[in-house]
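Scroll down for the structure; my scribbles are underneath it.
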Amino acid sequence: MQAADRGRTRWGIVLPFLALPVVVLGVLIIGLFLWAWSDDGTGDDGRAGAAATVPCTEALAFGAAERPAHARAHDCTVQRGIDTSYSAVLRMPREDVRAWLRETYPDAPEPRTGGGVCGALCLDVTHEDGLPGTAEAHVVQVRVEYENAETARVRFSAFTM
């Protein structure tokens, strides 16, 4: 053995071949985390399951409804996760609310009245009690609050379970 070979081992040749699988495995694990945290299925703010803004016609159609003639629709969102949930806020004449509900859900029970969480009027509709077959939602909830003598704020929610 020569003096120059003293202290050298074969690890200098083997080590790069052992490091290669560790690097490949690390890249695969990082790629898996990046794929899991990608923006697929995220809302406007980038969080998974966060609410995203959608056209109000889409939000209402999910619950087999249309925008009433004299209503302003806004704050229409969808949230997707295990279930799908659409929501919309309508401002419309108070006198038109009951007619719109009867026209939209003719086989549903009469809206409930009362304060608290319900507001001025509440309507909960499922396929078993009047939700039209065209609805993609399993449940539609409508909560009505009277803002003043002329205007009602209608909170519309349609979701799957």
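The values are calculated or read from the model by the stated rules, or taken from the named source; none is laboratory data. All of these numbers come straight from a predicted model, not from anything done at the bench. In this analysis, Cβ positions are derived from the backbone assuming ideal geometry, glycine residues included, and neighbour counts consider all displayed protein chains. Accessible surface is based on the protein model in full, side chains and every heavy atom, while ligands, DNA and RNA are left aside. Shrake-Rupley method; radii C 1.70, N 1.55, O 1.52, S 1.80 Å.
Key figures
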{"item": "Extension reserve of the Leu28-Thr126 stretch, reckoned as 0.36 nm per residue once the Cα distance is removed", "result": "30.7 nm"}
{"item": "Backbone HN-Hα couplings from phi across the range 98-113 [Karplus 6.51/-1.76/1.60, Hz, Gly and Pro as x]", "result": "4, 5, 5, 5, 5, 5, 6, 10, x, 9, 7, x, 5, x, 7, 10"}
{"item": "Accessible area per residue in Å² at 1.4 Å probe, computed on the chain", "result": "67"}
{"item": "Label-point separation in nm, Ile13 to Asp75, each point 7 Å along Cα→Cβ", "result": "7.3"}
{"item": "Apportionment of accessible area to carbon and sulfur, the chain, percent (1.4 Å)", "result": "57"}
{"item": "Beta bridges per DSSP with both ends in the chain, % antiparallel, nearest 5", "result": "95"}
{"item": "Built amide H within the under 5 Å cut-off of His138, gap 5+", "result": "Phe159, Thr160, Met161"}
